[in-house]
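S.K.: This is the structure, below, for whatever I ask next.
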Amino acid sequence: MIARRSFLAGTGAVLLAAPLTAQAQQAAQAPRIGFLWGGTPSPSLLREFEDALRERGWVSGRNITIEHRAAEGRNERLPQLAAELAQARVSVMVTSQSPATQAAKKASGTIPIVMLGNGDPVRYGLVSNLARPEGNVTGLSFLVNEVSIKLIELLKEAIPKTERVAVFVNQTNPGAAPFLADLMSVAPRLGIKARPVEANTIDELDRALTALTREPVNAVFLVPESFIFSQRQRIIEFAMVHRWPAVGPLRPYVEAGVLMSYSPHASTLYRQAAVYVDKLLRGAKPADLPVEQPTRFELVINLKTAKALGLTIPPSVLGRADEVIQ
């Protein structure tokens, strides 16, 4: 009797273990997605990405796995992190911002790469053209320069007395020089003078902020770049102390206290990145998938910040806001 019970108990254990073993084997054999972040992972945007994958039949931990590598605003770490993902033999890489995409492309010329949050990918040598990328990179362009200049136009319209804008950039980012060149070319038309503030380390930022206190600045612009983004709170607080309105083309900037942001709708971009990943996992070639540009944008205005700075946003600007933070 004891032996029979032991046998039955053992059989039950085997039956219970079998599905778990099968799931573990399935997960081990599942396609792997490597996510290379220039900054730090955004839980909310990652959730949008995974939800969109789930709608297409891909569930993390079941029939796909996702590995993350984050440079945390330190671009010099990206080549090693990209190499780790390539050595892990991921099926697809998803890259956040141009430096991450460049690092991924150098790490592998064969692994499909879906870019997110990049500037002009043709200008940066990431793809041959938007319609036919002709390589292993495809995905979505952020239109960084165009969006940034539009935001400065909105700042000038909201506060006409704005004349000298401190523009925070990371000079190690390949998008910095082209952006500054584009901005300088349109600055006279906008009625502003742009003062580049270059920093890619804490020490450089310390020196830059000290120097800025001795200059006739009356507004601040933060580019959508990993290191600048990682230091957003410090820069915004610095601007508030000096009563300079700050703007930046990322929604988290306005949530952190800038006066306004204007940017592509981030959730839409991350969900669309999942569409690319789905197609690539099902056999599509990156060269055959055109690079998309954003079609949905959002203007967010922080009236709490405006009040703190003693500013009144004119109805012509306020009426165009997609969201107002009170």
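The values are calculated or read from the model by the stated rules, or taken from the named source; none is laboratory data. Computed from a predicted model, the values in this text were never measured in an experiment. Positions of Cβ are backbone-derived with ideal geometry, glycine not excepted, and every protein chain shown enters the neighbour counts. These area figures cover heavy atoms from the full protein model, side chains too; ligands, DNA and RNA do not enter into them. Shrake-Rupley method; radii C 1.70, N 1.55, O 1.52, S 1.80 Å.
S.K.: Scan THR305, THR295 and give me the residue that is free of Cβ contacts under 8 Å to residues at least 40 places away in the same chain and β-branched (Val, Ile, Thr).
M.R.: THR295
S.K.: Mind listing just one residue for me: the one in the range 124-151 that is hydroxyl-bearing (Ser, Thr, Tyr) and in a strand (DSSP E or B) and, of those, nearest to the chain's Cα centre (by Cα)?
M.R.: SER141
S.K.: Within the range 174-193, does at least one residue satisfy the condition of being part of a loop (DSSP other than H, G, I, E, B), within 22 Å of PRO294 (Cβ to Cβ), modelled with pLDDT under 95 and charged (D, E, K, R)?
M.R.: There is no residue in the range 174-193 that is part of a loop (DSSP other than H, G, I, E, B), within 22 Å of PRO294 (Cβ to Cβ), modelled with pLDDT under 95 and charged (D, E, K, R).
S.K.: Separate question: Filter the range 227-251 for residues that are open to solvent by 10 Å² or more (accessible area, probe 1.4 Å), in contact (Cβ under 8 Å) with a residue 60 or more places away in the chain and in a helix (DSSP H, G or I) and give the result.
M.R.: Within the range 227-251, PHE227, PHE229, SER230, MET240 meet the criteria.
S.K.: Determine if the range 122-141 includes at least one residue that is closer than 17 Å to ALA246 by Cβ, surrounded by fewer than 23 Cβ atoms within 10 Å (Cβ to Cβ) and either at pLDDT 95 or above or β-branched (Val, Ile, Thr) (or both).
M.R.: Looking through the range 122-141, none of the residues is closer than 17 Å to ALA246 by Cβ, surrounded by fewer than 23 Cβ atoms within 10 Å (Cβ to Cβ) and either at pLDDT 95 or above or β-branched (Val, Ile, Thr) (or both).
S.K.: Now a separate question. Look at ARG214 and say whether it is within 28 Å of VAL59 (Cβ to Cβ) and either open to solvent by 30 Å² or more (accessible area, probe 1.4 Å) or out of contact with any helix residue (DSSP H, G or I) (no Cβ under 8 Å at 6 or more places or on another chain) (or both).
M.R.: Against the criterion (within 28 Å of VAL59 (Cβ to Cβ) and either open to solvent by 30 Å² or more (accessible area, probe 1.4 Å) or out of contact with any helix residue (DSSP H, G or I) (no Cβ under 8 Å at 6 or more places or on another chain) (or both)), ARG214 does not qualify.
S.K.: Might you check whether a residue that is without any contact (Cβ under 8 Å) to a residue 60 or more places away in the chain and under 20 Å from the mean Cα position of the chain (by Cα) occurs anywhere in the range 264-282?
M.R.: Yes, some residue in the range 264-282 is without any contact (Cβ under 8 Å) to a residue 60 or more places away in the chain and under 20 Å from the mean Cα position of the chain (by Cα).
S.K.: Let me ask another. From ALA82, ALA103, grab the single residue that is closer than 11 Å to LEU126 by Cα, at pLDDT 95 or above and open to solvent by less than 40 Å² (accessible area, probe 1.4 Å).
M.R.: ALA103
S.K.: Assuming GLU163 fulfils every condition listed in (1) open to solvent by 10 Å² or more (accessible area, probe 1.4 Å); (2) without any contact (Cβ under 8 Å) to a residue 40 or more places away in the chain; (3) farther than 17 Å from LEU209 by Cβ apart from one, which condition is it?
M.R.: It is condition (2) that GLU163 fails.
S.K.: Do you know which of the residues in the range 45-70 that are in contact with a Pro (Cβ under 8 Å, 6 or more places away or on another chain) and over 16 Å from LEU281 (Cβ atoms) is most open to solvent (accessible area, probe 1.4 Å)?
M.R.: Only one residue tops the list, namely HIS68.
S.K.: In the list SER42, SER6, which residue meets the criterion of being at pLDDT below 95, more than 20 Å from the chain's Cα centre (by Cα) and open to solvent by 20 Å² or more (accessible area, probe 1.4 Å)?
M.R.: The unique qualifying residue is SER6.
S.K.: Something else about it: Among the residues of the range 94-113, how many are under 20 Å from GLU225 (Cβ atoms) and touching a Leu at 6+ places or on another chain (Cβ under 8 Å)?
M.R.: Residues flagged as under 20 Å from GLU225 (Cβ atoms) and touching a Leu at 6+ places or on another chain (Cβ under 8 Å) within the range 94-113 amount to 12.
S.K.: Keeping to the range 166-185, report how many residues are in contact (Cβ under 8 Å) with a residue 60 or more places away in the chain and either open to solvent by less than 10 Å² (accessible area, probe 1.4 Å) or under 16 Å from VAL122 (Cβ atoms) (or both).
M.R.: 6
S.K.: Among the numbered criteria (1) at pLDDT 95 or above; (2) more than 25 Å from the chain's Cα centre (by Cα); (3) not polar (S, T, N, Q), which one does GLU215 miss?
M.R.: (1)
S.K.: Which one of the conditions (1) within 30 Å of ASP278 (Cα to Cα); (2) buried (at least 23 other Cβ atoms within 10 Å of the Cβ); (3) touching a Leu at 6+ places or on another chain (Cβ under 8 Å) does VAL144 fail to meet, given that it meets all the rest?
M.R.: (3)
S.K.: Follow-up question, since we're still on this one. Taking the condition open to solvent by 30 Å² or more (accessible area, probe 1.4 Å), part of a strand (DSSP E or B) and either free of Cβ contacts under 8 Å to residues at least 40 places away in the same chain or under 20 Å from ARG74 (Cα atoms) (or both), does PRO196 pass?
M.R.: yes
S.K.: Go through (1) of a type in the set (A, V, I, L, M, F, W, C); (2) in contact with a helix residue (DSSP H, G or I) (Cβ under 6 Å, 6 or more places away or on another chain); (3) in contact (Cβ under 8 Å) with a residue 40 or more places away in the chain one by one and return the number of the condition VAL147 breaks.
M.R.: The number of the failed condition is (2).
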